[in-house]
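Structure, as C-alpha coordinates:
The values are calculated or read from the model by the stated rules, or taken from the named source; none is laboratory data. Worth saying up front: this structure is predicted, and the values here are computed from it rather than measured. Counting neighbours? That spans all protein chains shown, and the Cβs are built from the backbone with ideal geometry, glycine included. For the accessible areas, the whole protein counts, side chains as well, though only heavy atoms, and no ligand, DNA or RNA atoms are used. Shrake-Rupley method; radii C 1.70, N 1.55, O 1.52, S 1.80 Å.
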Amino acid sequence: MPENKGSAPKPAKSTGTNVAVLGGGSFGTAITKVLAENGHTVHFWMRSPEQVKEVAEHGTNSRYMPDVQLAGDIRATTDFASAITAAEAVFVAIPSKAFRTVIREHAGDFHDGQIVISLTKGIERDGFKLMSEILQEEIPRCRIGVLSGPNLAGEIVNRDLTATVIAAKDPDVRRIVQTLLGCEYFRVYANVDVYGVELAGALKNIYAIVSGLAAALDLGENAKSMLITRSLAEMSRFAVSLGANPMTFMGLAGVGDLVVTCTSSKSRNYRVGYAVGKGKQLDEAISELGQVAEGIYTLQLVKEKAEEAGIYMPLVRGLHEILYGGASIKAVINGLMMAVQNSDVEFILPRTLTH
(Lines give C-alpha, C1' and ligand atoms only; values in the text may rest on other atoms or scores of the structure.)
Protein backbone atom coordinates (compact mmCIF):
# COMPACT_ATOMS: atom_id res chain seq x y z
CA MET A 1 0.00 0.00 0.00
CA PRO A 2 1.48 3.40 -0.88
CA GLU A 3 2.12 5.66 2.06
CA ASN A 4 -0.11 8.43 0.77
CA LYS A 5 -1.86 9.19 -2.47
CA GLY A 6 -1.09 12.41 -4.28
CA SER A 7 0.06 15.59 -2.65
CA ALA A 8 -1.01 16.35 0.90
CA PRO A 9 -4.44 18.00 1.00
CA LYS A 10 -4.87 21.40 2.55
CA PRO A 11 -6.09 20.91 6.13
CA ALA A 12 -9.78 21.71 6.51
CA LYS A 13 -10.62 24.82 8.49
CA SER A 14 -10.70 23.72 12.07
CA THR A 15 -10.83 25.04 15.57
CA GLY A 16 -8.36 22.37 16.64
CA THR A 17 -11.01 20.52 18.63
CA ASN A 18 -10.03 17.89 21.18
CA VAL A 19 -11.43 14.52 20.08
CA ALA A 20 -10.85 10.89 21.10
CA VAL A 21 -10.71 7.65 19.14
CA LEU A 22 -11.10 4.43 21.12
CA GLY A 23 -9.65 1.31 19.49
CA GLY A 24 -6.45 0.89 17.51
CA GLY A 25 -7.66 -1.39 14.70
CA SER A 26 -7.71 -0.48 11.03
CA PHE A 27 -10.84 1.72 11.08
CA GLY A 28 -9.93 3.47 14.33
CA THR A 29 -6.55 4.25 12.79
CA ALA A 30 -8.15 5.56 9.58
CA ILE A 31 -10.51 7.89 11.45
CA THR A 32 -7.63 9.08 13.66
CA LYS A 33 -5.71 9.98 10.50
CA VAL A 34 -8.64 11.95 9.03
CA LEU A 35 -9.24 13.86 12.28
CA ALA A 36 -5.55 14.68 12.79
CA GLU A 37 -5.09 15.86 9.20
CA ASN A 38 -8.14 18.08 9.68
CA GLY A 39 -6.18 19.88 12.41
CA HIS A 40 -7.75 18.33 15.50
CA THR A 41 -6.00 17.02 18.60
CA VAL A 42 -6.70 13.27 18.63
CA HIS A 43 -6.40 11.31 21.87
CA PHE A 44 -5.92 7.78 20.49
CA TRP A 45 -6.69 5.07 23.07
CA MET A 46 -5.42 1.52 22.61
CA ARG A 47 -5.06 -1.38 25.02
CA SER A 48 -1.62 -2.37 23.71
CA PRO A 49 1.35 -0.45 25.20
CA GLU A 50 3.43 -1.62 22.21
CA GLN A 51 0.98 -0.05 19.75
CA VAL A 52 0.88 3.18 21.79
CA LYS A 53 4.69 3.33 21.81
CA GLU A 54 4.89 2.76 18.06
CA VAL A 55 2.30 5.44 17.25
CA ALA A 56 3.95 7.91 19.64
CA GLU A 57 7.52 7.31 18.47
CA HIS A 58 7.14 6.47 14.79
CA GLY A 59 3.66 7.66 13.75
CA THR A 60 2.80 4.15 12.51
CA ASN A 61 0.45 1.33 13.46
CA SER A 62 2.15 -1.49 11.55
CA ARG A 63 -0.08 -4.30 12.80
CA TYR A 64 -3.20 -2.88 11.16
CA MET A 65 -1.98 -0.21 8.75
CA PRO A 66 1.53 -1.04 7.51
CA ASP A 67 3.22 1.66 5.40
CA VAL A 68 0.77 4.36 6.54
CA GLN A 69 2.23 7.44 8.21
CA LEU A 70 0.12 9.19 10.86
CA ALA A 71 0.74 12.92 11.00
CA GLY A 72 -0.67 15.74 13.12
CA ASP A 73 -1.41 16.11 16.80
CA ILE A 74 -2.05 12.47 17.76
CA ARG A 75 -1.67 11.56 21.43
CA ALA A 76 -1.61 7.78 21.79
CA THR A 77 -2.36 6.45 25.26
CA THR A 78 -3.46 3.40 27.26
CA ASP A 79 -5.14 5.70 29.82
CA PHE A 80 -8.85 5.71 28.97
CA ALA A 81 -9.87 8.53 31.32
CA SER A 82 -7.19 10.91 30.07
CA ALA A 83 -8.09 10.10 26.45
CA ILE A 84 -11.71 11.23 26.74
CA THR A 85 -11.65 13.81 29.52
CA ALA A 86 -11.23 16.84 27.24
CA ALA A 87 -12.82 15.36 24.11
CA GLU A 88 -15.82 17.13 22.60
CA ALA A 89 -16.51 13.99 20.56
CA VAL A 90 -15.49 10.37 21.18
CA PHE A 91 -15.35 7.88 18.29
CA VAL A 92 -15.63 4.26 19.43
CA ALA A 93 -13.98 1.61 17.20
CA ILE A 94 -13.94 -1.30 19.65
CA PRO A 95 -14.93 -4.78 18.32
CA SER A 96 -18.53 -5.71 19.18
CA LYS A 97 -17.56 -8.60 21.46
CA ALA A 98 -15.67 -6.25 23.81
CA PHE A 99 -17.79 -3.13 23.23
CA ARG A 100 -20.09 -3.22 26.26
CA THR A 101 -17.37 -4.44 28.64
CA VAL A 102 -15.06 -1.53 27.80
CA ILE A 103 -17.80 1.13 27.87
CA ARG A 104 -19.28 -0.17 31.13
CA GLU A 105 -15.86 -0.35 32.78
CA HIS A 106 -15.18 3.30 31.94
CA ALA A 107 -18.73 4.72 32.02
CA GLY A 108 -17.82 7.12 34.83
CA ASP A 109 -15.14 8.76 32.67
CA PHE A 110 -17.65 10.16 30.16
CA HIS A 111 -19.28 13.49 30.94
CA ASP A 112 -22.79 14.89 30.50
CA GLY A 113 -23.64 15.89 26.94
CA GLN A 114 -20.45 14.44 25.47
CA ILE A 115 -20.84 13.29 21.85
CA VAL A 116 -20.11 9.56 21.51
CA ILE A 117 -20.15 8.02 18.03
CA SER A 118 -20.01 4.29 17.34
CA LEU A 119 -17.88 3.17 14.40
CA THR A 120 -18.44 -0.54 15.10
CA LYS A 121 -20.57 -2.62 12.70
CA GLY A 122 -21.78 -5.49 14.85
CA ILE A 123 -24.50 -6.87 17.12
CA GLU A 124 -24.34 -8.03 20.74
CA ARG A 125 -25.70 -11.52 21.38
CA ASP A 126 -27.71 -10.78 24.54
CA GLY A 127 -30.91 -9.09 23.46
CA PHE A 128 -29.75 -8.51 19.85
CA LYS A 129 -28.41 -5.07 20.80
CA LEU A 130 -26.71 -2.70 18.37
CA MET A 131 -23.74 -0.65 19.56
CA SER A 132 -25.75 2.59 19.83
CA GLU A 133 -28.22 0.78 22.10
CA ILE A 134 -25.33 -0.34 24.31
CA LEU A 135 -24.12 3.27 24.50
CA GLN A 136 -27.63 4.47 25.42
CA GLU A 137 -27.82 1.89 28.19
CA GLU A 138 -24.34 2.38 29.62
CA ILE A 139 -23.85 6.16 29.20
CA PRO A 140 -27.36 7.62 28.76
CA ARG A 141 -26.20 11.13 29.69
CA CYS A 142 -24.13 11.31 26.49
CA ARG A 143 -25.32 12.29 23.00
CA ILE A 144 -25.13 9.20 20.81
CA GLY A 145 -24.60 8.72 17.08
CA VAL A 146 -23.42 6.16 14.53
CA LEU A 147 -21.00 6.46 11.61
CA SER A 148 -21.49 3.94 8.80
CA GLY A 149 -21.16 3.58 5.05
CA PRO A 150 -18.97 2.21 2.25
CA ASN A 151 -15.77 2.96 4.13
CA LEU A 152 -12.84 0.63 3.47
CA ALA A 153 -10.15 1.80 5.89
CA GLY A 154 -7.33 1.15 3.41
CA GLU A 155 -8.81 3.62 0.94
CA ILE A 156 -9.52 6.29 3.55
CA VAL A 157 -5.86 6.34 4.67
CA ASN A 158 -4.85 6.68 1.00
CA ARG A 159 -7.12 9.74 0.74
CA ASP A 160 -9.28 8.08 -1.91
CA LEU A 161 -12.63 9.83 -2.29
CA THR A 162 -15.00 8.31 0.30
CA ALA A 163 -18.46 9.15 1.63
CA THR A 164 -19.97 8.14 4.96
CA VAL A 165 -23.17 8.68 6.94
CA ILE A 166 -23.52 10.17 10.42
CA ALA A 167 -26.81 9.09 11.95
CA ALA A 168 -28.05 10.81 15.09
CA LYS A 169 -31.34 12.15 16.37
CA ASP A 170 -29.69 15.34 17.66
CA PRO A 171 -29.05 17.77 14.75
CA ASP A 172 -26.11 19.33 16.62
CA VAL A 173 -24.40 15.93 16.79
CA ARG A 174 -24.81 15.46 13.04
CA ARG A 175 -23.50 18.95 12.31
CA ILE A 176 -20.48 18.69 14.64
CA VAL A 177 -19.40 15.30 13.26
CA GLN A 178 -19.75 16.58 9.69
CA THR A 179 -17.50 19.51 10.61
CA LEU A 180 -14.92 17.37 12.41
CA LEU A 181 -14.54 14.72 9.70
CA GLY A 182 -15.47 16.42 6.44
CA CYS A 183 -12.61 17.24 4.07
CA GLU A 184 -11.67 17.12 0.37
CA TYR A 185 -11.69 13.33 0.19
CA PHE A 186 -14.03 12.36 3.08
CA ARG A 187 -17.64 13.45 2.61
CA VAL A 188 -20.07 13.11 5.52
CA TYR A 189 -23.82 12.87 4.88
CA ALA A 190 -26.48 13.01 7.60
CA ASN A 191 -29.39 10.73 8.49
CA VAL A 192 -31.81 10.54 11.42
CA ASP A 193 -32.49 6.75 11.17
CA VAL A 194 -29.88 5.61 13.69
CA TYR A 195 -31.28 2.08 13.93
CA GLY A 196 -31.51 1.54 10.17
CA VAL A 197 -28.06 2.96 9.39
CA GLU A 198 -26.46 0.88 12.10
CA LEU A 199 -28.33 -2.32 11.28
CA ALA A 200 -27.43 -1.98 7.59
CA GLY A 201 -23.75 -1.72 8.54
CA ALA A 202 -23.93 -4.90 10.60
CA LEU A 203 -26.03 -6.95 8.17
CA LYS A 204 -23.99 -6.30 5.04
CA ASN A 205 -21.01 -8.15 6.55
CA ILE A 206 -22.96 -11.42 6.24
CA TYR A 207 -23.55 -10.89 2.53
CA ALA A 208 -19.92 -9.94 1.92
CA ILE A 209 -19.02 -13.47 3.09
CA VAL A 210 -21.58 -14.90 0.63
CA SER A 211 -20.07 -12.79 -2.17
CA GLY A 212 -16.57 -13.98 -1.30
CA LEU A 213 -17.77 -17.57 -1.60
CA ALA A 214 -19.36 -16.81 -4.97
CA ALA A 215 -16.16 -15.20 -6.24
CA ALA A 216 -14.13 -18.23 -5.15
CA LEU A 217 -16.46 -20.45 -7.17
CA ASP A 218 -15.90 -18.25 -10.26
CA LEU A 219 -19.59 -17.52 -10.69
CA GLY A 220 -20.28 -15.09 -13.51
CA GLU A 221 -20.89 -11.37 -13.18
CA ASN A 222 -24.62 -11.87 -13.69
CA ALA A 223 -24.79 -14.30 -10.78
CA LYS A 224 -22.79 -11.96 -8.53
CA SER A 225 -25.16 -9.11 -9.37
CA MET A 226 -28.13 -11.31 -8.57
CA LEU A 227 -26.64 -12.27 -5.20
CA ILE A 228 -25.99 -8.65 -4.23
CA THR A 229 -29.51 -7.62 -5.27
CA ARG A 230 -31.11 -10.48 -3.36
CA SER A 231 -28.89 -9.61 -0.40
CA LEU A 232 -30.24 -6.06 -0.42
CA ALA A 233 -33.84 -7.35 -0.54
CA GLU A 234 -33.16 -9.80 2.30
CA MET A 235 -31.37 -7.40 4.66
CA SER A 236 -33.95 -4.68 3.97
CA ARG A 237 -36.83 -7.05 4.67
CA PHE A 238 -35.24 -8.06 7.96
CA ALA A 239 -34.42 -4.50 9.08
CA VAL A 240 -37.81 -3.03 8.17
CA SER A 241 -39.55 -5.80 10.10
CA LEU A 242 -37.53 -4.59 13.13
CA GLY A 243 -38.53 -0.95 12.62
CA ALA A 244 -35.90 0.54 10.27
CA ASN A 245 -36.81 3.00 7.51
CA PRO A 246 -36.73 1.21 4.10
CA MET A 247 -35.33 4.33 2.40
CA THR A 248 -32.16 4.05 4.50
CA PHE A 249 -31.27 0.96 2.48
CA MET A 250 -31.35 2.93 -0.76
CA GLY A 251 -28.55 5.19 0.50
CA LEU A 252 -24.84 5.01 1.29
CA ALA A 253 -25.31 3.11 4.56
CA GLY A 254 -27.42 0.47 2.81
CA VAL A 255 -26.80 -0.33 -0.84
CA GLY A 256 -23.56 1.70 -0.86
CA ASP A 257 -21.94 -0.25 1.95
CA LEU A 258 -23.31 -3.54 0.63
CA VAL A 259 -21.83 -3.05 -2.85
CA VAL A 260 -18.32 -2.19 -1.66
CA THR A 261 -18.06 -5.04 0.83
CA CYS A 262 -19.51 -7.55 -1.64
CA THR A 263 -17.17 -6.63 -4.49
CA SER A 264 -13.85 -5.73 -2.89
CA SER A 265 -11.03 -8.05 -1.87
CA LYS A 266 -10.11 -5.32 0.65
CA SER A 267 -13.20 -6.31 2.67
CA ARG A 268 -12.31 -8.60 5.58
CA ASN A 269 -15.63 -10.45 5.41
CA TYR A 270 -15.30 -10.96 1.65
CA ARG A 271 -11.81 -12.37 2.17
CA VAL A 272 -13.05 -14.86 4.77
CA GLY A 273 -15.77 -16.05 2.37
CA TYR A 274 -13.27 -16.30 -0.47
CA ALA A 275 -10.84 -18.39 1.63
CA VAL A 276 -13.63 -20.77 2.68
CA GLY A 277 -14.76 -20.99 -0.94
CA LYS A 278 -11.24 -22.04 -1.91
CA GLY A 279 -11.39 -24.93 0.55
CA LYS A 280 -10.08 -23.54 3.84
CA GLN A 281 -11.79 -24.28 7.15
CA LEU A 282 -13.53 -21.31 8.76
CA ASP A 283 -11.12 -21.19 11.73
CA GLU A 284 -8.17 -21.29 9.35
CA ALA A 285 -9.60 -18.46 7.23
CA ILE A 286 -10.20 -16.27 10.31
CA SER A 287 -6.72 -16.98 11.67
CA GLU A 288 -5.14 -16.12 8.33
CA LEU A 289 -7.03 -12.82 8.22
CA GLY A 290 -5.60 -11.81 11.61
CA GLN A 291 -8.40 -9.27 12.21
CA VAL A 292 -12.03 -9.36 13.32
CA ALA A 293 -14.53 -10.29 10.59
CA GLU A 294 -17.75 -9.13 12.29
CA GLY A 295 -19.96 -11.00 9.81
CA ILE A 296 -19.03 -14.37 11.35
CA TYR A 297 -20.61 -13.38 14.67
CA THR A 298 -23.46 -11.41 13.10
CA LEU A 299 -24.52 -14.38 10.96
CA GLN A 300 -25.37 -16.55 13.96
CA LEU A 301 -27.30 -13.80 15.74
CA VAL A 302 -29.30 -12.81 12.65
CA LYS A 303 -30.18 -16.44 11.87
CA GLU A 304 -31.54 -16.90 15.41
CA LYS A 305 -33.44 -13.60 15.29
CA ALA A 306 -34.93 -14.32 11.85
CA GLU A 307 -36.15 -17.75 12.95
CA GLU A 308 -37.59 -16.32 16.15
CA ALA A 309 -39.43 -13.57 14.22
CA GLY A 310 -40.38 -15.79 11.26
CA ILE A 311 -38.51 -13.67 8.69
CA TYR A 312 -37.60 -15.37 5.40
CA MET A 313 -33.80 -15.16 4.92
CA PRO A 314 -32.57 -17.88 2.55
CA LEU A 315 -29.07 -16.39 2.10
CA VAL A 316 -28.48 -16.24 5.85
CA ARG A 317 -29.77 -19.78 6.27
CA GLY A 318 -27.66 -21.06 3.38
CA LEU A 319 -24.46 -19.41 4.59
CA HIS A 320 -25.02 -20.80 8.09
CA GLU A 321 -25.39 -24.31 6.61
CA ILE A 322 -22.07 -23.89 4.78
CA LEU A 323 -20.06 -22.49 7.67
CA TYR A 324 -21.52 -24.47 10.56
CA GLY A 325 -23.49 -27.37 9.08
CA GLY A 326 -20.88 -28.83 6.74
CA ALA A 327 -23.11 -28.29 3.71
CA SER A 328 -21.61 -28.23 0.20
CA ILE A 329 -21.05 -24.67 -1.01
CA LYS A 330 -22.09 -25.52 -4.54
CA ALA A 331 -25.25 -27.29 -3.38
CA VAL A 332 -26.32 -24.31 -1.26
CA ILE A 333 -25.51 -21.72 -3.95
CA ASN A 334 -27.34 -23.81 -6.56
CA GLY A 335 -30.28 -24.13 -4.19
CA LEU A 336 -30.41 -20.35 -3.84
CA MET A 337 -30.23 -19.90 -7.62
CA MET A 338 -33.00 -22.41 -8.22
CA ALA A 339 -35.31 -21.10 -5.47
CA VAL A 340 -38.92 -20.31 -6.33
CA GLN A 341 -39.11 -17.21 -8.52
CA ASN A 342 -41.14 -14.55 -6.82
CA SER A 343 -41.49 -10.79 -7.08
CA ASP A 344 -38.36 -8.77 -7.78
CA VAL A 345 -39.19 -6.08 -5.21
CA GLU A 346 -40.07 -7.94 -2.06
CA PHE A 347 -41.35 -5.00 -0.02
CA ILE A 348 -44.70 -5.54 -1.70
CA LEU A 349 -44.89 -9.05 -0.26
CA PRO A 350 -45.58 -10.23 3.29
CA ARG A 351 -42.24 -10.31 5.10
CA THR A 352 -42.63 -13.51 7.07
CA LEU A 353 -42.37 -17.22 6.43
CA THR A 354 -46.17 -17.50 6.35
CA HIS A 355 -46.47 -16.36 2.71
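In this structure, T78 and H58 have a Cβ-Cβ separation that, at R0 = 25 Å, corresponds to a calculated FRET efficiency of about 0.90. Computed from point charges on the beta carbon alone (+1 for Lys and Arg, -1 for Asp and Glu), the dipole magnitude for region 154-288 about its Cα centre is near 100 Debye.
The calculated pair-distance distribution of region 257-300 uses every alpha carbon pair, bins of 5 angstrom beginning at 0, and gives 5, 25, 33, 27, 10, 1 percent. Each of V272, L219, N245 was scored by the projection of its Cα onto the charge dipole of region 138-297, and the greatest displacement toward the positive side belongs to N245; charges sit on the C-beta of Lys, Arg, Asp and Glu. Packing order of peptides 176-184, 189-197, highest average first: 189-197, 176-184 (average count of other Cβ atoms within 10 Å over each peptide's residues). Taking Cα atoms only, the orientation of helix 49-58 departs from the longest principal axis of the chain by about 60 degrees. Axis angle, to the nearest 10 degrees, between helix 194-216 and the longest C-alpha principal axis of the chain: 60 degrees. For the pair region 76-145 and region 272-340, the centres of their Cα atoms are 29 angstrom apart. In the chain, the longest principal axis of the Cα atoms and the axis of helix 221-241 are about 80 degrees apart. For region 235-314, the alpha carbon positions stretch 37, 29, 19 Å along the principal axes, listed from largest to smallest. Here the chain has 51 percent of its accessible surface on carbon and sulfur atoms, given a 1.4 Å probe and all protein chains in place.
The packing ranking of peptides 100-112, 272-284, 16-28, highest mean first, is 16-28, 272-284, 100-112, where packing means the average number of other beta carbon atoms within 10 angstrom of each residue. Only residues of region 216-254 count here: report those whose backbone N is under 17 Å from the spot 7 Å along Cα→Cβ of Q136, or say none. Flagged as within label range: 239-246.
Kirkwood's formula applied to the C-alpha pairs of the chain gives a hydrodynamic radius of 20.7 angstrom. When only Cα pairs below 8 angstrom with a gap of at least 6 residues are kept, the chain shows a relative contact order of 13 percent.
Taking 1 over the mean of 1/r across every pair of different Cα atoms in region 186-226, what Kirkwood radius in Å do you get?
12.3 Å
Average accessible surface for region 173-311: 38 Å² per residue, computed with a 1.4 Å probe over protein heavy atoms with every protein chain in place.
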